[in-house]
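Let me begin by presenting the structure, written as structure tokens, before commenting on it.
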């Protein structure tokens, strides 16, 4: 881990018809770190991911990736510069086979010259045996992993994980943690949105907490958990 | 003994046999029906490329057909050879597709469908009044004849239509096995995921749309070489939409063989119902509804379900087993 910022979110705001979904949020993601994005339901975590991923354009503020201003990039260009994302509710290419789901990202998303072994990615997320299965036939847990695999297939520098553990049983958590760690070992920088506190505390280096669209705290898991504003936001 | 590769040999054999038909003296009415079949086949294949593989429910094939037909007719009126008019017609259809792409691609799903549906109506009205050259054969700037076709026999027209249909099928075959096909299928399955996986949705939809407009245009122009009179009501008539739509839906949307099966059925129905006028539309409508309700995947979907495609292999193996026993 180094101190150089891979991604800088600078004073970003977004409203939807008078509702301030994100207000003046500023934070940095450093190369190689896992940054947790935490907050109560409806705090604006997914909106923030969508702003970074180019799904929404901020009303004000800017987003820099490796020093480049990517604020008004459409989603496919965000992927081309090296940011991949997963969806909270899995969004597979239902009629394509599992391996072809990855192939789309590999052929269209990977503009950085390195060809990846898709089978290795599938093996990492325990989907290698199901590579010729139609994605629509997978169970929900497998679909969550397919999200991650597809994101990896575009060979990103930064990967946005929207609740990979949600809907998993307690028994499955260690494996998910393990996968997250391995992704990190591949040299990827990660922003992790997560509700499952165990995953958050064990997997991340730092946490940014947002509530009602505003950043209320930032720091190591230990610091954040003792922050009064955070406790107030979660427990009232 | 190895089984000959049926999948590569069969289409070539069918193509050769079809190409030989005019030479072995089959009835002229057959050639006429086969000509229609080839035109529908080209249209249905392109409609399937858009609806079945790109997720674009395009309700304006009649805009492409009409524009190409009028370009051909007006072109030949001002002295263009009809071969040039054929290509020019297809090119005009593609340019029209390019011009409308920006506004219509901003709409998704059903809104895209409705947005495209109004376009041919606008063109129909326009061509009711517009008279670019002086010799409209009827009314005030409405109908035109395609001229300069002397010497281009029915056989030639038949081969032209066959070539267009074969090209359309081959083109879809190539596209589906290319990077473009993968991207298009991804868009059809999930636009958000496709975009966030790096697929430039606008560009891929546009490529697919332009290819379809060009081929639909050339198929339409070929039709007006065979039936060399065009009026706004016929050229921009809704049957140019209904035929490929019915063929694709009945045959099986999103399958390669679907439009071929469907186009054959639609042509055969036209032959069966030729004497019933308006009733034929009614009957075709009922068939369409029955297929949509009973066979949502079309006939190709049904054939896949019952495993009909493995039948030749099974028969071959059964025969081989019997030979071994005796």
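Values as computed for the structure displayed
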read-out	value
Relative contact order (%) - criterion: Cα under 8 Å, at least six apart; region: chain A	25
Residue exposure sequence - B:130, B:47 - by fewest surrounding Cβ within 10 Å	B:130, B:47
For the protein assembly as shown, share of DSSP beta bridges that run antiparallel, in % to the nearest 5	60
Additional length obtainable on full extension of the chain from residue B:8 to residue B:163, 0.36 nm per residue less Cα span	54.0 nm
Highest-MSF residue in chain B out of B:235, B:79, B:69 [GNM, Cα springs under 10 Å]	B:79
Pairwise label distance in nanometres, residue B:229 with residue A:95, each label 7 Å out on the Cα-Cβ vector	4.2
Relative contact order (percent, whole number), segment A:1-127, Cα cutoff 8 Å, 6+ residue spacing	21
Computed lengthening from residue A:198 to residue A:235, 0.36 nm per intervening residue step minus Cα-Cα distance	11.6 nm
Space enclosed by the convex hull of the alpha-carbon atoms of segment B:6-325, per residue, Å³	162
Förster radius 35 Å - calculated FRET efficiency between residue A:205 and residue A:140, Cβ distance, rounded to 0.05	0.75
Test item: A:67-77 mean partner chain Cβ contacts at 10 Å	3
Average beta-carbon neighbours from other chains, 10 Å sphere, peptide A:99-107	5
Average partner coverage of B:21-30, which counts Cβ from other chains inside 10 Å	0
Relative contact order (%) - criterion: Cα under 8 Å, at least six apart; region: chain B	28
As computed over the protein assembly as shown, the Cα convex hull volume per residue (Å³)	213
Helix axis angle, B:239-251 relative to chain B longest principal axis, alpha carbon, degrees	10
For segment A:62-218, average projected area of the Cα convex hull in nm²	9.8
Helix B:6-20 vs. chain B, principal-axis angle (Cα, 0 to 90°, nearest 10)	50
Ranked packing of B:208-219, B:310-321, A:20-31, most packed first, by mean Cβ within 10 Å	B:208-219, A:20-31, B:310-321
Computed label-point distance, nm, for sites residue B:91 and residue B:289 using a 7 Å Cα→Cβ extension	4.6
Calculated [θ] (222 nm, deg cm²/dmol) that DSSP helices of n ≥ 4 give over chain A, each run adding -39,500 (n - 2.57)	-9000 deg cm²/dmol
Where labels lie 7 Å past Cα in the beta-carbon direction, separation of residue A:175 and residue B:297 in nm	2.9
Acute angle (nearest 10 degrees) that the helix B:61-77 long axis makes with the longest principal axis of chain B, alpha-carbon atoms	50
P(r) histogram, all alpha-carbon pairs of segment B:163-279 included - 5 Å bins from 0, percent	2, 9, 14, 20, 20, 14, 9, 6, 3, 1, 0
At R0 = 41 Å, FRET efficiency that the Cβ-Cβ distance of residue B:130 and residue B:170 yields, to 0.05	0.70
Cβ-Cβ FRET estimate between residue B:156 and residue B:324, R0 fixed at 56 Å, reported to 0.05	0.65
Most to least packed among B:249-258, A:216-225 [average Cβ atoms within 10 Å]	B:249-258, A:216-225
Proportion of all alpha-carbon pairs of segment A:101-189 beyond 24 Å (%)	15
Taking B:271, B:64 and counting other C-beta atoms within 10 Å, the order from fewest to most	B:271, B:64
Packing-based exposure ordering (other Cβ within 10 Å, fewest first) of A:158, A:128	A:128, A:158
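Rule-based calculations on the coordinates, nothing more; no lab input. Keep in mind that what you see is a predicted model, and the values were worked out from it rather than measured. A quick note on method: Cβ atoms are made from the backbone with ideal geometry, for glycine too, and the neighbour counts reach across all protein chains shown.
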